[in-house]
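Got a structure for you, questions after.
The values are calculated or read from the model by the stated rules, or taken from the named source; none is laboratory data. Bear in mind that the values here come from a model prediction, so they are computed numbers and not experimental data. All Cβ positions, glycine included, derive from the backbone under ideal geometry; neighbour counts span all protein chains shown.
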Amino acid sequence: MRLVGAGLGRTGTLSLKQALEHLLGAPCYHMMETFGRPADIPVWHRAVNGEMPDWPAFLADYDAAVDWPVAGFWRETSAAFPEAVVLLSTRPTDDWWTSASNTIFQISRREIPLGEDVAAAQIAMARDMLTKRFTPNWTDETEAKAALRRAQRRCARRRANRPARGVAPRRRLAAALRRARRFRPRRAVPPREHHGRLPRHDRPRRVAPAARTRSVPGSGRGGRRRRTRRDRSALPGPTRTDRGRKRPRAPRRRPWRARVRRWTPTATA
């Protein structure tokens, strides 16, 4: 097991399962797996009631696990696989409630069908899991949203120094999510919003004022054009004609002690 998903159902876990299978090249456990493996339903039901299975043996065929029912046991599975990364998938609370109430909660509220043992066992397991591992009043919108926020805060809480409680250290928690956050597209900011200053690549280039020119006789039609002395002095920097010319230096003054006239006593008769 290389990755354990702590995000609840309807937070993009099906797309996450497909992406992990493509990246890892190995199967990923999902709630959909219980439809093809009905023998796993009693194992999860016993885990809900407190009888935990042998996680390395139970999930030996998978390299990752997301969605319910693994999300309800992410502490136990991460403790069984210390080297696995804990990935927390999130979603806005209102959008999550709209999606979950129309899918998972609606199916779990159905009456247990007669004569369909697999469907009946799955619905019974889902009800007990939501009641004992999520919130007892999971059909109420306010209670369900509050439980979702608690579950996400509990998973993202920094408890790297408390391994006895089964909470994943900070360096393992949501490592893939932090890595993907670096490539999140940012909002395009117009150049004028940079505190009244333009970015360096948008600033206009410093252009010298238009120099007055005069023609030199005997240089062809119109004469050769060159800048006058007055216009060259107005330019911000040295011009082409001033590069090789040296400016006259001011005379160097002697230090103060050298300028003081020394007094020498003279011999008197």
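When you check PRO82 against the structure, is it under 26 Å from ALA156 (Cα atoms) and either modelled with pLDDT under 90 or not acidic (Asp, Glu) (or both), yes or no?
Taking the combined requirement at face value, the residue satisfies it.
For the subset of the stretch 49-67 comprising residues that are in a loop (DSSP other than H, G, I, E, B) and under 25 Å from the mean Cα position of the chain (by Cα), which member is nearest to MET31 (Cα to Cα)?
Here the residue is ASP67.
Would you mind stating whether TRP97 is assigned to a helix (DSSP H, G or I), touching a helix residue (DSSP H, G or I) at 6+ places or on another chain (Cβ under 8 Å), of a type outside the set (A, V, I, L, M) and free of Cβ contacts under 8 Å to residues at least 60 places away in the same chain?
yes
Going by what's in this entry, would ARG46 be described as among the charged types (D, E, K, R) and either without any contact (Cβ under 8 Å) to a residue 60 or more places away in the chain or in a strand (DSSP E or B) (or both)?
When the stated conditions are applied, ARG46 passes them.
Would you check if TRP44 is closer than 16 Å to THR77 by Cβ, buried (at least 21 other Cβ atoms within 10 Å of the Cβ) and among the aromatic types (Phe, Trp, Tyr)?
yes
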